[in-house]
Structure formats: structure tokens, C-alpha cells
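**Q** Please read through the structure below; I'll follow up with questions.
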Amino acid sequence: MHERIHGSRTEKVIMTSCALMCVILICAFVTNGADAEQEQDAVTLDHLEYTLNADGTAVLTDYDYETYVGDNLVIPTSIEVDGIRYAVTSIGENALKNCTMTSLVIQDSVTDIGKWAFQNCNRLEYAYIGSGVEKLPPHAFYSCESLTEIGGMDNLKEIGDGAFVNTGLKTFTVPDGVTTVEESAFGSSLDTLTLGPGTRTYHTESTGTFHPFIIVSEENPAFVAVDGVLYDEGMTTLISFPAQYRDDAFIVPETVEYISDNAFTFANISGIDLNNISAIGNGSFSDCALESVDFTSSLITIGNEAFNNCTRLESVTFESGVETIGDGAFANCTSLLSISFPDSVTSLGESVLSDCTSLTAVHFGNGIASIPKETCDSCDSLVTVTGLEGKSSIGDFAFQSTGLESFTIPDSVTSVGMHVVSGPLSTLWIGSGLTTIEENTFSDHPLDSIGVSEDNPSFTSVDGALYDKDMTTLYIPPSGSAHFTVPDGVTTIAKSAFNRYDITSVELPEGLERIEDRAFLWCDGLSHVALPESLTYIGVAAFGKCMSLHSISIPESVAFIGDAAFEWSGLERVRYACMDAEVGEGAFEIWDLTIYTDGPELPSYALGDAGNAVYRPLAEYSEPTQDDGPDVMILATVAITIVIVALVIWALLRRSGNSSEP
């Protein structure tokens with residue numbers, strides 16, 4: 001009985017295993033069959049390479065430009081391979097790039113064209129697009145510089161972005177069936193564009209930078225053109241303004257309320273009457289020739305970079321009404337002399353006046369709550385700023401690289417960002433409200449005078465230096481001295497505190513715990529600094545590029561040394577007693593460095609590209625002597641030598657005089 005049961009179980013196991021094997025074999029067969037159906041063969045006929053599909057279609061994927069001979073290419077409707085005929089329905093991405101023919105015919109069998117299919121066909125002059133193509137893909141004829149004529153396009157419905165950029169086309173008529181013209185479809189060379197009755201979507205950037213003279217079919221219900229200027233059907237939106245418009249000024253029709261993005265890009269007009277405009281889009285007047293703009297009270301919004309790089313723009317005036325001015329709205333207007341933002345402005349974008357190199361004065365209205373970052377960055381002629389009262393903050397680089405010699409932070413300002421003011425700044429006053437400053441906030445050189453309101457709870461100024469109220473953090477050292485003694489009680493040297501200062505030595509107090517990032521970066525003349533035994537932290541690039549610093553002793557108390565802490569300084573000798581410190585990458589990236597330590601060698605990443613260092617025991621290290629002036633022994637030796645030479649000369653002269661007596 002037991003044997004029959006055991007045998008029955010064995011038979012079941014065998015049968016189950018066989019069934020599983022059958023399933024696996026069937027799956028493998030099905031998978032292989034599917035793969036076989038999906039396999040595509042590549043063939044080359046008449047110097048053209050195709051991929052053959054199992055459904056009887058072929059894709060033109062490449063051509064042999066080295067062996068192809070002929071100026072005219074007609075893509076065949078079908079090809080025959082091994083007795084089987086394949087319909088050519090597609091042209092792949094980059095299939096005919098850099099082709100050498102002068103004319104191209106895409107027959108009606110082709111329904112799909114890949115992106116960049118004919119890019120850089122520099123000799124191509126004529127292209128015919130068959131009725132099977134409904135969408136011309138992005139950058140299809142990009143940089144076909146000789147292309148001046150397009151035929152066919154009977155069933156075309158969409159022209160992709162960049163399709164005809166950098167071609168030789170001067171005129172183009174959008175076929176009746178095309179409903180969409182994508183951004184930057186045409187290059188700047190296009191002089192005249194005619195929109196057919198079917199066009200419903202037209203992007204302002206569809207002609208690149210220079211807009212053409214536009215004609216609109218009378219049967220088109222979406223657009224209307226007047227003197228080459230394109231509007232929406234109701235003439236409430238001005239969409240595109242022709243670059244070849246030659247009148248000095250333009251009057252916007254009274255019906256227009258909105259100027260589209262990039263509408264007047266590179267327009268050759270010196271003045272404009274905005275009439276009833278309520279909004280100006282992004283980049284609407286960028287790079288145009290405007291010399292003056294008067295904004296009417298109907299205007300509410302000015303978009304990002306709306307007047308960017310209008311290098312002839314000298315005058316801008318506002319009536320109360322505008323509320324929003326976007327990022328970079330007047331950036332790079334290098335002829336703009338002054339600007340006053342009205343009280344109605346409540347939203348001011350970043351970099352709104354950056355690189356306005358002729359700007360001398362700016363006023364900020366009461367509606368602006370804070371000064372954004374880079375507002376007047378690199379306005380190197382700027383000497384007058386008013387209207388800062390009532391603002392709560394000043395952003396990073398707001399007045400960097402300006403001509404400001406003095407700067408007052410009003411009582412209302414509670415925080416300022418990095419590099420807020422730099423240039424010839426010499427005098428700084430900090431009001432009662434400031435509680436937060438960032439790295440290297442003020443100037444890029446020592447200041448002659450720093451004043452702080454007595455009511456300020458966070459900062460104080462002593463002997464021309466800026467500290468926190470408790471004098472535990474040094475933010476800005478004083479100017480005018482090659483040597484500075486950090487007062488007792490200071491525990492932190494702030495980020496970039498001495499950055500690029502012209503000092504030769506600094507005395508740090510016992511009790512100092514932290515030297516923050518870039519605190520002494522680029523102090524070229526710094527030759528002596530003694531790190532106290534209380535120090536625990538040396539920040540990133542803290543002593544980087546200090547080329548006159550030849551030796552330093554790092555005490556055992558230091559627990560952290562940041563990346564590039566002493567990178568490319570002049571260090572030759574380092575006493576390294578902090579064996580357990582965490583060391584950053586490139587902290588000692590210095591050639592020909594000797595490290596005195598009783599601990600293990602530094603990890604290779606700490607030495608960076610310098611590769612290695614010479615190691616010596618701590619006991620062999622000797623502290624360098626430090627004097628306030630030149631080496632005393634050298635001076636003494638020189639003085640003695642001078643005295644001896646003088647005595648010898650005197651003795652010789654005396655002997656010569658005695659020998660000449662009768």
C-alpha cells in the first residue's frame with residue numbers, strides 16, 4: 001500500500017514537471033515568434049539605407065553621402081527586396097542630414113518625417129513635400145541655407161518649431177490646411193509671411209528674432225494684419241510687429257489692450273504711443289531701438305525682460321497705475337539715465353535694472369516692500385538711490401558693482417543678502433532694524449567708516465569694525481592697518497570677513513572657536529597668523545590663495561578643516577597636531593609641502609592635485625619668528641657694514657691728506 005501511494009505521488013510530480021516544461025517551451029516559442037515579427041532588416045538601395053518592417057513598410061534611415069552622385073533626389077514610393085515590395089512611409093530622424101543634393105521630392109507615400117531629417121543640407125534649394133505629410137517636425141530643414149522654395153504641402157496641418165530656421169526662405173505662404181505654426185518655425189531671413197485661412201495658432205517666436213511683414217488671408221477668422229502688423233481678430237492683442245517697419249514712431253491702435261511676448265523684438269522704432277495698453281508681455285520690446293517710453297495710467301503689468309537690451313533707451317516715465325514689473329524688465333538698457341518707480345508698483349522682479357551702465361539715479365516707490373536680488377547689479381554709474389525707507393529687506397547683489405560711495409540701511413530693513421553693495425563704497429550706516437546679514441554683504445574692500453544705530457539689537461561698530469551686539473562675531477574688520485588684533489571675547493570670524501584685505505598679520509585671541517568659510521581668502525600679503533588652542537573649526541577656503549603665508553601651526557583642538565582651506569596658499573611648512581580632525585578635499589592642495597605630525601598621513605584627497613607631501617615628526621617643527629618690520633638681524637648687518645665702509649673711506653681720505661703736506 002505504501003509503495004502504491006509513493007508511486008502515485010512520484011507520477012504526479014513527473015506529470016506536473018512535464019506540464020511546466022511545456023508551458024515554458026510554448027512561452028519561449030511565442031516570445032521568439034514575436035521577436036521574429038519585430039526584427040527589422042536594413043538594406044541599401046541606390047545609396048539610400050532603409051529599415052524593413054514586417055508590415056510591409058520601409059523607413060528611410062540614412063544615405064551614403066560619399067558614394068551618392070546627383071543633384072536631384074526623389075524618394076521612391078516603394079522598394080523591392082527579395083521579391084517583396086515595401087512601401088516607403090517614413091523618413092527617420094537625421095536620415096538625410098548633410099545631404100549634397102539641390103532638390104528633394106518627398107512623394108505622397110511618406111506620412112511621417114523625423115526631427116532634424118534634412119538639417120544642414122547646405123546645397124538644397126528646392127523641396128517638395130507630398131500630400132501624405134500632415135506634420136512637419138521640429139527642425140526638419142534646419143540650416144538648409146540655400147533653401148528658397150517649398151512646394152506641395154497639400155495636406156499639411158502643422159509646422160513644427162524650428163522647421164525652417166536658418167534657411168534662405170524670404171517669403172512663405174502657410175498652406176490653407178495648416179492650423180498651427182509653432183515657435184521659431186522660421187528664421188530671421190524671412191521678409192514676408194502669409195497666413196492662410198486655416199491658421200488658428202501662431203506663436204510670436206515662430207519667426208525667430210526678426211519678425212516679417214505679415215499678410216493674412218481675408219478668409220482667416222482668427223487674425224488680421226494691418227501694414228504688416230499682426231493682431232488677433234478683434235484687434236485687442238498686438239501679436240507681431242515687422243522688423244522692416246521704418247517710421248520713427250508707432251501708435252498702438254486704441255483697441256489694443258495687450259502686447260504679446262516678443263512682439264516688437266528688434267523693431268526699428270525710436271518711439272511708441274501705447275494708448276490703452278494694460279499689459280506688456282515677456283520680451284515684448286527686447287533689443288528694439290526705442291529711445292523713450294511713456295507709460296500711461298492704463299498699464300498694469302510689464303513682463304519679464306520686456307525692454308531688455310534696448311541699448312538706445314534713455315528715458316522711461318510712469319503714470320501711477322502700473323503694479324507689476326517683471327524680472328530683467330529694463331536690464332542692459334545701457335543708455336538709461338534715471339528711473340523712478342511709482343508708489344503703485346507692488347511687485348518688482350529680480351535684475352530689473354542690472355547692467356544699466358549709464359544709470360545714475362533710481363527711486364523706489366512706497367508700494368515696493370523689498371528690494372529684490374540684483375536689482376541694480378553692475379550699474380557702475382549709479383550714485384543716488386532713494387526710496388529705501390519702509391523696505392523690509394535688500395536682496396543678494398542688489399547694488400553690487402555700482403558707483404555708490406555711501407550707503408544707508410534704513411531702520412525698516414531687517415535683513416540683507418550677499419554682496420549687497422560693492423564698488424567705491426567707503427561709508428556705511430546700519431539702521432536699528434537690521435538683524436541678519438549674509439556673507440561679504442558690504443563692499444569688496446575695507447570701509448573708511450561704519451556706523452550702527454544705538455538702537456540696533458544685533459550689531460555694533462567699534463573702532464571702524466562691525467561686530468554682533470555681544471562682540472562675539474567679527475563681520476567686517478577696520479581699514480587702514482596692515483596688522484589687526486581681534487579683540488578678546490570674539491569666538492567667530494564671519495564668512496569672508498577679511499576676504500581680499502590688504503593685511504600682513506592678524507592676532508587671534510585665545511577663545512576663538514571658528515574661522516568661517518573664505519574668512520581670509522585672497523589675503524595676498526598675510527604672512528603671519530597664530531591659531532589659538534581654542535580653535536575647533538577652519539572653514540572652506542578659509543586661507544585659500546594666501547600666497548605670503550609660508551608656515552602655520554594647526555592646534556590639536558581643531559576638529560574640522562574644510563575643503564580647499566589652505567588651497568594654493570604659499571604654505572611650505574604645516575604643524576599638524578589635530579590628528580583626529582575631519583579634513584576636506586583639497587584642504588592642503590599645495591606643491592612642495594612639508595607636514596609635521598605624529599599621526600597618520602593625510603588622505604590623498606586632502607592633498608588634491610598636489611599629490612603628496614613630505615612628513616616629519618612634530619618635534620622637528622620650529623615656530624617662525626615674527627617682527628612688525630624687516631628682519632632685525634638683516635638691518636643690523638646692513639647698518640654695521642655701512643659704518644665700516646664709511647670708516648675705511650674716512651681713513652683713506654685722511655691718509656691721502658697727510659701725505660700731500662710739505
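The values are calculated or read from the model by the stated rules, or taken from the named source; none is laboratory data. Quantities reported herein were computed from a predicted structural model and do not represent experimental measurements. Glycine gets a Cβ as well: all are built from the backbone with ideal geometry, and neighbour counts include every protein chain shown. For the accessible areas, the whole protein counts, side chains as well, though only heavy atoms, and no ligand, DNA or RNA atoms are used. Shrake-Rupley method; radii C 1.70, N 1.55, O 1.52, S 1.80 Å.
**Q** Specify the residue that is modelled with the lowest pLDDT; the eligible residues are those in the range 425-446 that are open to solvent by 20 Å² or more (accessible area, probe 1.4 Å) and over 18 Å from Ser412 (Cα atoms).
**A** First, the residues of the range 425-446 that are open to solvent by 20 Å² or more (accessible area, probe 1.4 Å): 426-427, 429, 432, 435-440, 444-446.
From what's left, over 18 Å from Ser412 (Cα atoms): 426-427, 439-440, 444-446.
Details: Ser426: 92, Thr427: 94, Glu439: 82, Asn440: 78, Asp444: 66, His445: 70, Pro446: 76.
Selected residue: Asp444.
**Q** Mind checking which residues of the range 415-461 are outside any loop (DSSP other than H, G, I, E, B) and among the hydrophobic types (A, V, I, L, M, F, W, C)?
**A** Start the filter on the range 415-461 by keeping residues that are outside any loop (DSSP other than H, G, I, E, B), which leaves 415-416, 421, 427-430, 436, 442, 449-452, 459-461.
Selection gives Val416, Val421, Leu428, Trp429, Ile430, Phe442, Ile450, Val452, Phe459.
**Q** Just to verify a result, which residue in the range 179-236, among those that are at pLDDT 90 or above and on the phi > 0 side of the Ramachandran plot, is least open to solvent (accessible area, probe 1.4 Å)?
**A** Gly228
**Q** Tell me yes or no: at least one residue of the range 285-296 is over 26 Å from Leu353 (Cα atoms) and assigned to a loop (DSSP other than H, G, I, E, B). Reasoning before the result, please.
**A** Just the residues of the range 285-296 that are over 26 Å from Leu353 (Cα atoms), to begin with: none.
Checked against the condition, which is being over 26 Å from Leu353 (Cα atoms) and assigned to a loop (DSSP other than H, G, I, E, B), the range 285-296 yields no hits at all.
**Q** Taking only the range 259-278 into account, find how many residues are touching a residue at least 24 places away in the same chain (Cβ under 8 Å), open to solvent by 20 Å² or more (accessible area, probe 1.4 Å) and under 26 Å from Pro372 (Cα atoms).
**A** Total satisfying the criteria: 2.
**Q** Right, another one. Scan the range 74-125 for residues that are among the polar types (S, T, N, Q), surrounded by 19 or more Cβ atoms within 10 Å (Cβ to Cβ) and assigned to a loop (DSSP other than H, G, I, E, B) and report the count. If you could, list the steps in order and put the result at the bottom.
**A** Initial filter on the range 74-125 (among the polar types (S, T, N, Q)): 77-78, 89-90, 94, 98, 100, 102-103, 107, 109, 111, 119-120, 122.
Among the residues that remain, those that are also surrounded by 19 or more Cβ atoms within 10 Å (Cβ to Cβ) are: 89-90, 119.
Still in the running and assigned to a loop (DSSP other than H, G, I, E, B): 119.
Final tally of qualifying residues: 1.
**Q** Could you please let me know if Gly431 is more than 25 Å from Leu512 (Cα to Cα) and touching a Pro at 6+ places or on another chain (Cβ under 7 Å)?
**A** Details: more than 25 Å from Leu512 (Cα to Cα): yes; touching a Pro at 6+ places or on another chain (Cβ under 7 Å): yes.
Yes: the conditions hold for Gly431.
**Q** Scan the range 462-493 for residues that are assigned to a loop (DSSP other than H, G, I, E, B) and at pLDDT below 95 and report the count. Can you show your working first?
**A** Residues of the range 462-493 assigned to a loop (DSSP other than H, G, I, E, B): 463-464, 469-472, 477-482, 486-491.
Retained after the next criterion (residues that are at pLDDT below 95): 463-464, 477-482.
Result for the range 462-493: 8.
**Q** Restrict the check to the range 498-505 and report whether at least one residue is open to solvent by less than 20 Å² (accessible area, probe 1.4 Å) and part of a strand (DSSP E or B).
**A** Yes, there is a match, as at least one residue in the range 498-505 is open to solvent by less than 20 Å² (accessible area, probe 1.4 Å) and part of a strand (DSSP E or B).
**Q** If you don't mind, another one. Could you pull out the residue among Phe588, Phe566 that is open to solvent by less than 30 Å² (accessible area, probe 1.4 Å) and touching a Leu at 6+ places or on another chain (Cβ under 7 Å)? It would help to see each step written out before you state the result.
**A** Details: Phe566 fails: touching a Leu at 6+ places or on another chain (Cβ under 7 Å).
So the residue among Phe588, Phe566 that is open to solvent by less than 30 Å² (accessible area, probe 1.4 Å) and touching a Leu at 6+ places or on another chain (Cβ under 7 Å) is Phe588.
**Q** Now for a different question. Residues in the range 447-461: is at least one of a type in the set (D, E, K, R) and crowded, with 18+ Cβ neighbours inside 10 Å?
**A** The initial filter retains those residues of the range 447-461 that are of a type in the set (D, E, K, R), namely 448, 454-455.
If we keep only those that are crowded, with 18+ Cβ neighbours inside 10 Å too, we end up with none.
No, there is no match, as no residue in the range 447-461 is of a type in the set (D, E, K, R) and crowded, with 18+ Cβ neighbours inside 10 Å.
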